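Chemist: This is the structure I have questions about; it appears just below.
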Amino acid sequence: MNIHEYQAKAVLKEFGLPVSKGVAIFKPEEAEAAAKELGGPVWVVKSQIHAGGRGKGTFKGAPAGAKGGVRVTKSLDEVKQFAGEMLGQTLVTIQTGEAGKQVNRLYIEEGAQIEAEFYLSMLVDRETGRVAYVVSTEGGMDIETVAHDTPEKIVTFSVDPATGVMPHHGRLVAKTLGLSGAQAKEAGDLTTKLYAAFTAKDMSMLEINPLVLTGDGHLKCLDAKISFDSNALYRHPDIVALRDETEEDAKEIEASKYDLAYIALDGTIGCMVNGAGLAMATLDIIKLYGEEPANFLDVGGGASEEKVTAAFKIITADPQVKGILVNIFGGIMKCDVIANGVIAAVKAVGLQVPLVVRLEGTNVEKGKEIIRNSGLNVIPADDLDDAAQKIVAAVKKG
């Protein structure tokens with residue numbers, strides 16, 4: 001789960017980390033009061049969307065050369081003007097794609113005098129099972145570009161969970177950033193508190209870009225992006241309360257209500273599969289035969305008829321879907337349950353696109369019989385290769 005910048009900074013502030021003062025607003029008329037509350041003389045008006053590259057982004061319909069989604073001003077009138085220009089508009093960045101994201105909230109933040117910009121992030125290193133730090137002097141830039149062009153400017157290290165963060169980790173961060181004296185001490189304190197926040201809140205990613213050295217010689221988190229481990233959210237009702245569903249795909253939200261593993265993709269063939277490995281193989285073979293999957297959907301090993309029906313409805317609700325492939329290997333999941341779920345869903349929402357069903361495993365003959373006797377226009381398949389070829393041919397034909 002992702003949260004907005006202003007929410008991320010509030011979380012960091014709980015752990016004593018240095019962040020700028022700011023006020024979130026949802027209506028243009030709230031901008032002036034927010035700016036006056038901060039006092040100025042410099043304000044930053046920041047679009048709040050779940051995507052990076054906001055400063056370089058452009059608003060749909062804005063004239064060429066118009067300012068981006070993050071703007072600095074010394075004028076109260078401009079704070080009001082910018083709020084009116086940004087709220088409710090669609091911001092397109094390198095991470096949103098051409099569709100962009102609508103800006104429904106802004107963060108009015110006090111300005112900062114910046115002497116230097118750094119990059120610092122934390123994530124879970126899947127290879128070592130440890131929390132890792134990524135540190136660079138090249139803050140404010142796309143870290144992917146830095147990694148490609150000047151990889152020597154990036155330092156990474158992981159923390160042994162048996163010991164937790166140690167003083168030498170902080171010293172390494174300070175050395176990497178070229179800090180000494182009191183600033184090095186601040187870097188050590190920052191490193192420790194970030195680790196505490198990361199582990200206490202079950203984060204999966206924390207990025208501060210830029211981490212800045214201010215004019216008065218102190219470190220400050222000028223931006224913050226946080227992603228949380230969705231599997232651990234039951235432990236953090238305070239974090240769940242920060243969820244902004246307008247930033248998420250409506251189909252994925254609906255899928256989460258039924259505990260379905262669903263991710264929307266850009267293709268035309270909707271997939272309903274049980275088991276993550278089989279689902280990935282299904283996506284791969286669809287691509288092999290020249291089409292693109294419209295989703296990843298794993299109904300799990302013990303899905304009920306209700307869950308299968310919900311999954312089918314979610315797939316058919318996607319206007320991009322031109323065909324559907326149901327690929328089930330019945331172990332714990334029984335083929336007759338899948339068959340009944342598919343029939344119930346088709347009767348509820350109708351079937352406007354080709355449907356290929358491949359069943360194998362527990363109660364497979366019963367499942368096939370249910371499909372045959374349903375009167376549905378279903379294309380049967382003997383195995384995965386056969387199923388993929390048939391759905392791709394049906395989509396191309398239609």
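The values are calculated or read from the model by the stated rules, or taken from the named source; none is laboratory data. For clarity, every value in this text was computed on a predicted model and none was experimentally measured. No Cβ is skipped: glycine too gets one built from the backbone with ideal geometry, and neighbour counts run over all protein chains shown.
Chemist: So, in the range 251-280, exactly how many residues are part of a strand (DSSP E or B) and farther than 16 Å from Q320 by Cβ? So that I can check it myself, show each step before the final result.
Modeler: As a first pass, look at the range 251-280 and keep what is part of a strand (DSSP E or B): 261-264, 269-273.
With farther than 16 Å from Q320 by Cβ added as a condition, the list becomes 261, 273.
Residues in the range 251-280 being part of a strand (DSSP E or B) and farther than 16 Å from Q320 by Cβ: 2 in total.
Chemist: Shifting gears a bit: Residues of the range 2-23 being part of a loop (DSSP other than H, G, I, E, B), among the hydrophobic types (A, V, I, L, M, F, W, C) and buried (at least 19 other Cβ atoms within 10 Å of the Cβ), which ones?
Modeler: Restricting attention to the range 2-23, the residues satisfying the condition of being part of a loop (DSSP other than H, G, I, E, B) are 3-4, 15-18, 20-21.
Add one more test, that the residue is among the hydrophobic types (A, V, I, L, M, F, W, C), and what stays is 3, 15, 17.
Within the range 2-23, I3, L17 meet the criteria.
Chemist: Which ones in the range 322-334 are surrounded by fewer than 21 Cβ atoms within 10 Å (Cβ to Cβ) and under 21 Å from K396 (Cα atoms)?
Modeler: Selection gives K322 alone.
Chemist: How many residues are within 20 Å of R71 (Cα to Cα) and buried (at least 18 other Cβ atoms within 10 Å of the Cβ) when one looks only at the range 214-246?
Modeler: Residues meeting the conditions: 6.
Chemist: Only one of these is among the hydrophobic types (A, V, I, L, M, F, W, C) and over 24 Å from M1 (Cβ atoms): V326, V299. Name it.
Modeler: Exactly one of V326, V299 is among the hydrophobic types (A, V, I, L, M, F, W, C) and over 24 Å from M1 (Cβ atoms), namely V326.
Chemist: Then there is this: State whether one or more residues within the range 330-351 are closer than 17 Å to A294 by Cα and in contact with a Leu (Cβ under 6 Å, 6 or more places away or on another chain).
Modeler: Looking only at the range 330-351, we keep the residues that are closer than 17 Å to A294 by Cα, and these are 351.
This time we only want the ones that are in contact with a Leu (Cβ under 6 Å, 6 or more places away or on another chain), so: none.
No; the residues of the range 330-351 include none that is closer than 17 Å to A294 by Cα and in contact with a Leu (Cβ under 6 Å, 6 or more places away or on another chain).
Chemist: Identify, from the list Q81, Q95, the residue that is of a type in the set (S, T, N, Q), surrounded by fewer than 18 Cβ atoms within 10 Å (Cβ to Cβ), closer than 27 Å to A197 by Cβ and not assigned by TED's automatic domain parsing to the domain that holds L206. Walk me through how you get there before you give the answer.
Modeler: Working: Q81 fails: closer than 27 Å to A197 by Cβ.
After ruling out the rest, the residue left standing is Q95.
Chemist: Return the pair list, or none, for Cβ contacts closer than 6 Å from residues in the range 62-83 that are within 20 Å of Q102 (Cβ to Cβ) to residues that are assigned to a loop (DSSP other than H, G, I, E, B) and modelled with pLDDT under 95, at least 6 apart or on different chains.
Modeler: Listed by first residue and then by second, the contacts come to G68/G55; G68/K56; G68/G57; G69/R54; G69/G57; V70/R54; V70/G55.
Chemist: Given the criteria in the same structural domain as F26 (by TED's automatic domain parsing), touching a helix residue (DSSP H, G or I) at 6+ places or on another chain (Cβ under 6 Å) and among the β-branched types (V, I, T), does V45 qualify?
Modeler: yes
Chemist: Just the residues that are out of contact with any His (no Cβ under 8 Å at 6 or more places or on another chain) and of a type outside the set (A, V, I, L, M, F, W, C), please, taken from the range 126-141.
Modeler: The first filter runs over the range 126-141 and keeps only residues out of contact with any His (no Cβ under 8 Å at 6 or more places or on another chain), leaving 126-132, 134-141.
The answer is R126, E127, T128, G129, R130, S136, T137, E138, G139, G140.
Chemist: Could you look through the range 142-160, keep only residues that are of a type in the set (A, V, I, L, M) and surrounded by 15 or more Cβ atoms within 10 Å (Cβ to Cβ), and pick out the one that is modelled with the lowest pLDDT? Spell out how you get there, then give the answer.
Modeler: Here is the first cut: in the range 142-160, the ones of a type in the set (A, V, I, L, M) are 143, 146-147, 154-155, 159.
Of the ones still in play, those that are also surrounded by 15 or more Cβ atoms within 10 Å (Cβ to Cβ) are 143, 146, 154-155, 159.
Values: I143: 81, V146: 86, I154: 93, V155: 95, V159: 96.
Residue satisfying both the conditions and the ranking: I143.
Chemist: So, in the range 282-296, how many residues would count as being part of a loop (DSSP other than H, G, I, E, B) and either surrounded by 20 or more Cβ atoms within 10 Å (Cβ to Cβ) or of a type in the set (D, E, K, R) (or both)? Before the answer, list the steps.
Modeler: Going through the range 282-296, the residues part of a loop (DSSP other than H, G, I, E, B) turn out to be 289-292, 294.
When the remaining residues are screened for being either surrounded by 20 or more Cβ atoms within 10 Å (Cβ to Cβ) or of a type in the set (D, E, K, R) (or both), the result is 291-292, 294.
So the count comes out to 3.
Chemist: Filtering the range 201-220 down to residues that are within 25 Å of T145 (Cα to Cα) and of a type in the set (D, E, K, R), which residue is nearest to the chain's Cα centre (by Cα)?
Modeler: So the residue we want is E207.
Chemist: Here is a follow-up. Of these, A51, A64, A33, which one is at pLDDT below 95 and surrounded by fewer than 20 Cβ atoms within 10 Å (Cβ to Cβ)? Explain how you work it out, then say what you get.
Modeler: Working: A51 fails: surrounded by fewer than 20 Cβ atoms within 10 Å (Cβ to Cβ); A33 fails: at pLDDT below 95.
Just one listed residue meets the conditions, A64.
Chemist: Restricting to the range 174-200, what's the tally of residues that are within 20 Å of the chain's Cα centre (by Cα) and either among the aliphatic types (A, V, I, L, M) or crowded, with 21+ Cβ neighbours inside 10 Å (or both)?
Modeler: Count: 2.
Chemist: Among (1) of a type in the set (A, V, I, L, M, F, W, C); (2) farther than 16 Å from V273 by Cα; (3) out of contact with any strand residue (DSSP E or B) (no Cβ under 9 Å at 6 or more places or on another chain), there is one condition V353 misses while meeting the rest; what is its number?
Modeler: Only one criterion is unmet by V353, namely (3).
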